[in-house]
Number of protein chains: 4
Amino acid sequence: MIRAGVYGATGYTGFELIEILMRHPRVSLAFATSRSYAGKQLSEAFPCPYDLRLVDAGQADLSGVDVVFCALPHGATVPTAAQALEQGVRVIDLSADFRLRHADEYRRWYGKDHEAPALLDEAVYGLPELYRDRIPSARLVANPGCYPTSVILGLLPLVRAGLLAEAQIIADSKSGVSGAGRSLSLKTHFVEAHENFSPYNIGHSHRHIAEMEQELGALAGSPIHVIFSPHLLPVNRGILSTIYVRLRETATIAAVRDLYQAAYADEPFVHLLPQGQLPSLRHVVGTNRCVVQVQQADERGTWIVTSAIDNLQKGASGQAVQNMNLLFGLPETLGLVL
Amino acid sequence: MIRAGVYGATGYTGFELIEILMRHPRVSLAFATSRSYAGKQLSEAFPCPYDLRLVDAGQADLSGVDVVFCALPHGATVPTAAQALEQGVRVIDLSADFRLRHADEYRRWYGKDHEAPALLDEAVYGLPELYRDRIPSARLVANPGCYPTSVILGLLPLVRAGLLAEAQIIADSKSGVSGAGRSLSLKTHFVEAHENFSPYNIGHSHRHIAEMEQELGALAGSPIHVIFSPHLLPVNRGILSTIYVRLRETATIAAVRDLYQAAYADEPFVHLLPQGQLPSLRHVVGTNRCVVQVQQADERGTWIVTSAIDNLQKGASGQAVQNMNLLFGLPETLGLVL
Amino acid sequence: MIRAGVYGATGYTGFELIEILMRHPRVSLAFATSRSYAGKQLSEAFPCPYDLRLVDAGQADLSGVDVVFCALPHGATVPTAAQALEQGVRVIDLSADFRLRHADEYRRWYGKDHEAPALLDEAVYGLPELYRDRIPSARLVANPGCYPTSVILGLLPLVRAGLLAEAQIIADSKSGVSGAGRSLSLKTHFVEAHENFSPYNIGHSHRHIAEMEQELGALAGSPIHVIFSPHLLPVNRGILSTIYVRLRETATIAAVRDLYQAAYADEPFVHLLPQGQLPSLRHVVGTNRCVVQVQQADERGTWIVTSAIDNLQKGASGQAVQNMNLLFGLPETLGLVL
Amino acid sequence: MIRAGVYGATGYTGFELIEILMRHPRVSLAFATSRSYAGKQLSEAFPCPYDLRLVDAGQADLSGVDVVFCALPHGATVPTAAQALEQGVRVIDLSADFRLRHADEYRRWYGKDHEAPALLDEAVYGLPELYRDRIPSARLVANPGCYPTSVILGLLPLVRAGLLAEAQIIADSKSGVSGAGRSLSLKTHFVEAHENFSPYNIGHSHRHIAEMEQELGALAGSPIHVIFSPHLLPVNRGILSTIYVRLRETATIAAVRDLYQAAYADEPFVHLLPQGQLPSLRHVVGTNRCVVQVQQADERGTWIVTSAIDNLQKGASGQAVQNMNLLFGLPETLGLVL
């Protein structure tokens, strides 16, 4: 059994992790921490029948622990991760703290110096479809952001094949409210979000752009500019991205579909839909799937890629467990919903 | 024109009031106060195009004002109301502070002494269907609670006619989330309330029971015991109450329907549905209506009354404007959605 | 491996069954039938990546099949079930066709003669908490209705202990829209059901009353009269029942909680909540759990039981698989979400 | 009083029209037709307390009628409109039947010949912000589609000023379910649409593109190509469009905001939001407003326009009444929610 600890168990990604880990046949839970519910049962934080005592992060006992998941707020993970690594415990971090390769990019998007730039060098970006070969030997996995997962998996085959005619993409993404976390805010108050829909941080300002540009640029071998428009959907879970790209004139729908099929044929969690079908949240909610479609917008060179994931599964905790399976040599799909 | 001021304009009932008053043909808005948004425009508090500057309550100018609406938190209204009354301004209070006739009942349910028991004596309970004769001359109107409005209007004809075989009723009520106000709480966080449904404070503990027992008891001429189960519905607005009573054996459906028709034939806002139809939130949301049905549960003496209102309209701000119309001799329906 | 067939795979309970069975470690799916999608892939009926060819019921091959689940419309199951039984295949029926023990009760509630009254005699009512001893040897299991599951599990300890002071109960139940099935109707059209809430068939008319009265009466040893008010909630899944009963004066909260704890201590799927907590849909959606609370409404003899289930899991397909596990001597919880 | 008739009163736009007209101070309703509810009361079709008898279209009496609104399905309006016009009754058509100026465009997008091409010539496209001078004298007003209203009002100032650097725009639009009408379909079944989100007909295939290209092209004086991606939002009402355009390098945010302010300063229903705010459905639902924002996506020439309307109000029935006010010389805002 893998002994796993969870830091930050009472946010939405933390609780999702707990639920996946408690059903995982090869994991035993070593500890689960919570700042606000330390000393209480998990059932006091979430409506569940689990008897699981939450502890303060300072009291988490790392001895005998194989891996910790950090589901802490952005900017708060470095000391926790560093301490675990020092004690020989592998770390899967669900925050944004280790996703950018370069400290200057981190400074540009987060407005402050990174506290442990050496760890940035070492961290592996935990998108198995990109880094399946490097993840197994990683000490520190930086689990991707939810929006980047949907956008990168949507574009991966096109970008890797060098089909973009223009080094700019537009991603119009829509996310369920759990993506905004469990902290209270007027924007996520029921009456404000229900029967409502709204864009936020649109243009070139959302921090997830940094990850998208980094990974798409690496795939392309040259910079890709991402225009990104996130929107808040009145649903609990799910992200759907509608992505606009210009492809080379030589691109045909048959060839492009072949590319996607080749890229994803062996991927257990990524599905290209049959022609004529489009992704929906219903395809993916409650599963670790990413569902993708690609089509021509018209005959003038613009193409539309649509992709859907569950932001708490493939967009966070499901992908984190997929990474854990890779770290420990288990079947990649173990304990996850296909 | 009636010059009206609104205390507490940036809660849900306050904003609903503002919207009704701004469309009311005989009202000009003198001021609107807000603690949290003082000095800002209303459009910074709510997504609306109104240019209306919010002021701190201390800066509200009562000179030339005919009436103030108090949409302040429970327990916070007495000084504001008293000050307005002293300056000759009539008061319509949407809080619970003046709804109970007796100071000892107030103490029993609110756990503290009332700050101005003389005002309790003077206040008129602002349910026009009960007190239409007394409201016009009132200085202080205590606008009823949302749940009590739905339950009292549902039972009024039965109780007044002395048809209850047992002095106990069970009201199983379901309310939209705006009834819980605009203050942030985990319970009203989108992800917690959406795709969820839950009871709270069930039994004999919710404070609205005090109003129901007071008014139903007055109608009956003897005490009525109310068992009350509120539930939180994943909708923005609306209350539906399903009420169980035992009636005398002599009650027939024809006679009972006649009673309701007689009671409500001249009521502009209360509608008895045709036999075979049942109330729904859709009947009432966005209107000042109360829609009612009454039927036998079986042939053993239990009857079921169902009633629906919009908690922000007939359950709060719409009813407050109905009371204002009565106070100033205007047509009772002016500015309201029938 | 158990070879299982599913009749009626493209309704909501049928698809839920398919999803549970495909993840069940000891089941292989022999066939899945659909009238409207025969010859198509499951992914054409539901947004899912399964490659599963749907067949017409007439083409289902029963050879080598151990058990069939019938998720057909009410009134349509008898020939299918009879055929399977004749071929030595065990049957778990999710319709209402075999739930009533007596043909005259069936006639009373369904308005026609039962087509195979001998099967009524033989069928075992598949509520494991009541009939765990009889289910393993059954040929034909009548899986309970969703509302009855929530009401019977809520009242079981009280009724069995003879604590009811009055042989009448009031169940005010609220169900998500999937309970109404996948057939199109105006009532379940998105715009009509969303941001709405409404009662239907209230009083003593809903057919699920027959099951409740049958099983509660059997537990009590004498007739129990059920007043039942179903309501349509704007959520996809979940039933919450608020149940009003009168208990003997001797009942104390401590003793009553002891009764529930004793009744459910060994039940893997039924949870009595700690005092002070109340059930919500969030406790149960996506799981096979039933969550229960019991409390005094006041000190006058009325008590309130609240209970929640997922109507597609413990209220239908989850419970069906629980019964299948019992039929084949598997751990009762195998393949189900605790 | 204007005597108005409504054809097709029991769809969502028809019922919205009835509600607006019944509250309009200068309109009396001459008749309301319905195919499916002919001979019944409106309250049998919608949960409302109106006593309004629905008639079959064949029995609608046009004598003394000033104007009829046609809220019939696309393709079904020509005979009804022609008959009214012959009898000297003015027509406001909410279908798509008269929106395209050229019969060949109609054939291209609708796949059949138009039945009355002369009426296409005569009809005025009823977007008051574009054709306020022509509408008052029209006999036949073609009320715009919901999506085109949101997109055209979003782009009008930019296109008219010749600021587009590229004759192609991308409109990523999201609509509430009432836009799909009241006819039953699996896609609009509650359980399928709730907690879901999905694109449909994306690219260059949705028929509303014809209107957008026609009106934007006319404004620009040369063809504009529209890529259009509609999505189905799990809300009842509202459209939000996120529109991507490339502007000339000379464009500055200050100058562009000035353009919008100049264009919309005197428009009662179109509001440019203050910088830093973004449109949401909450700004517009239940009103005849269009709320707009414009901003640079980055510094590379791409700009983003966001615009929101209520699809049943400014997107259909509210705009139809705005047109009626213009036709009869009434204040343009009469009876509408600002």
**Message:** Please give the Cα centre distance for the range C:300-338 versus the range D:305-324, rounded to the nearest Å.
**Reply:** 49
**Message:** Can you give me the solvent accessible area of residue D:182 with a 1.4 Å probe, rounded to the nearest 10 Å²?
**Reply:** 30
**Asked** Over the range B:147-311, what is the percentage of antiparallel beta bridges among all DSSP beta bridges, to the nearest 5?
**Response** 70
**Request:** Enumerate the lysines that residue B:187 could reach by cross-link, defined here as Cα to Cα under 18 Å, with residues fewer than 8 away along the same chain left out.
**Result:** A:187, B:174
**Asked** Accessible area per residue, 1.4 Å probe, Å², for chain A: what's the number?
**Response** 33
**Alpha-carbon radius of gyration plus Dmax, which is the widest Cα pair, for the range B:142-209 in Å** = 15.1, 46
**Prompt:** Reported to two decimal places, what Rg/Rh ratio describes chain C when computed on Cα atoms with Rh from the Kirkwood expression?
**Reply:** 0.96
**Asked** In whole percent, what relative contact order does chain D give with Cα contacts below 8 Å and a gap of six or more residues?
**Response** 17
**Request:** Pick out which of D:23, D:207, D:246 has the largest mean-square fluctuation in a Gaussian network model of chain D, springs linking Cα atoms closer than 10 Å.
**Result:** D:23
**Item:** Part-to-part distance (alpha-carbon centres) for the range A:1-73 and the range C:17-54, which is given in Å
**Value:** 35
**Message:** Distance between the C-alpha centers of the range A:123-149 and the range C:195-253? Whole Å please.
**Reply:** 51
**Asked** If the label point is 7 Å along Cα→Cβ of residue D:262, which residues in the range D:145-182 have backbone nitrogen under 19 Å from it?
**Response** D:153-165
**Prompt:** Starting at 0 and stepping by 5 Å, how many percent of the alpha carbon pairs of the range D:15-70 end up in each bin?
**Reply:** 4, 18, 30, 28, 16, 4, 0
**the range B:2-122 - percent relative contact order, Cα under 8 Å, separation 6 or more** = 22
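Helix by helix through chain D, keep the DSSP H runs that span 20 Å or more along the axis on Cα and average at least -0.5 on Kyte-Doolittle, and give those back in order.
Both cut-offs are met by D:146-160.
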**Request:** Between A:290, A:48, A:70, find the one with the highest GNM mean-square fluctuation for chain A; connect C-alpha pairs within less than 10 Å.
**Result:** A:48
**Message:** From zero outward in steps of 5 Å, how is the percent of C-alpha pairs of the range D:147-311 spread across the bins?
**Reply:** 2, 9, 18, 21, 20, 15, 8, 4, 2, 0
**Message:** Translational diffusion coefficient of the range D:283-328 at 25 °C, 0.890 mPa s, Stokes-Einstein with Kirkwood Rh over Cα pairs, in µm²/s as a whole number.
**Reply:** 203
**Request:** Consider a paramagnetic label point 7 Å from the Cα of residue B:160 along Cα→Cβ; state which residues of the range B:108-134 have an amide N under 17 Å from it.
**Result:** B:125-134
**Complete:** So the carbon and sulfur contribution to the accessible area of the protein assembly as shown, 1.4 Å probe, in percent, is 48
**Under 12 Å from the Cα of residue A:40 - aspartates and glutamates, other chains or at least 8 residues apart** = A:51, A:56
**Counting DSSP beta bridges with both ends in chain B, the antiparallel % (nearest 5)** = 45
**Asked** With chain A treated as a Gaussian network of Cα nodes joined by springs under 10 Å, which of A:215, A:44, A:86 yields the largest mean-square fluctuation?
**Response** A:86
**Item:** Probe 1.4 Å, all protein chains present, accessible-area order of B:137, C:222, D:198, largest first
**Value:** B:137, C:222, D:198
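Please report, in debye to the nearest 20, how large the charge dipole of chain C is about its Cα centre when each Lys and Arg carries +1 at its beta carbon and each Asp and Glu carries -1 there. Before the final figure, lay out the partial values.
Details: 28 positive and 33 negative charges, 67 e Å.
Using only the charged Cβ atoms, the result is roughly 320 debye.
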**Message:** Please report the equivalent ellipsoid semi-axes of the protein assembly as shown, computed as sqrt(5 x eigenvalue) of the Cα gyration tensor, largest first, in whole Å.
**Reply:** 44, 44, 34
**Message:** Keeping all protein chains in the complex and leaving out DNA, RNA and ligands, what accessible area do you get for residue A:231 with a 1.4 Å probe, in Å² to the nearest 10?
**Reply:** 0
**Item:** Lys/Arg +1, Asp/Glu -1 at C-beta; the range C:147-311 dipole; positive extreme among C:255, C:231, C:153
**Value:** C:231
**Item:** Cα pair distances exceeding 27 angstrom across the range B:2-122, given as percent
**Value:** 19
**Item:** Two-site FRET efficiency, residue C:51 against residue A:51, from Cβ-Cβ distance with R₀ of 60 Å, rounded to 0.05
**Value:** 0.90
**Prompt:** Accessible area of residue B:250, 1.4 Å probe, to the nearest 10 Å²?
**Reply:** 110
**Complete:** Of all DSSP beta bridges with both partners in the protein assembly as shown, the antiparallel percent, nearest 5, is 45
**Fill in**
The local net charge around residue B:186, scoring Lys/Arg +1 and Asp/Glu -1 for residues other than residue B:186 whose Cβ lies under 9 Å from its Cβ, equals +1
**Message:** Just to be sure I understand: if you take the accessible area of chain B alone plus chain C alone and subtract the pair, with a 1.4 Å probe, what total do you get in Å², rounded to 100?
**Reply:** 3500
**Prompt:** Sorted by accessible area (1.4 Å probe), largest first, how do A:283, B:102 line up?
**Reply:** B:102, A:283
**Message:** Place a point 7 Å from Cα of residue D:118 in the direction of its Cβ. Which residues in the range D:64-86 have their backbone N less than 16 Å from it?
**Reply:** D:78-86
**Prompt:** To the nearest whole percent, what portion of all C-alpha pairs in the range A:66-139 is separated by more than 18 angstrom?
**Reply:** 36
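The values are calculated or read from the model by the stated rules, or taken from the named source; none is laboratory data. Everything quoted here is computed from the prediction, not taken from an experiment. We place every Cβ from the backbone using ideal geometry, glycine too, and count neighbours over all the protein chains shown. Accessible surface is based on the protein model in full, side chains and every heavy atom, while ligands, DNA and RNA are left aside. Shrake-Rupley method; radii C 1.70, N 1.55, O 1.52, S 1.80 Å.
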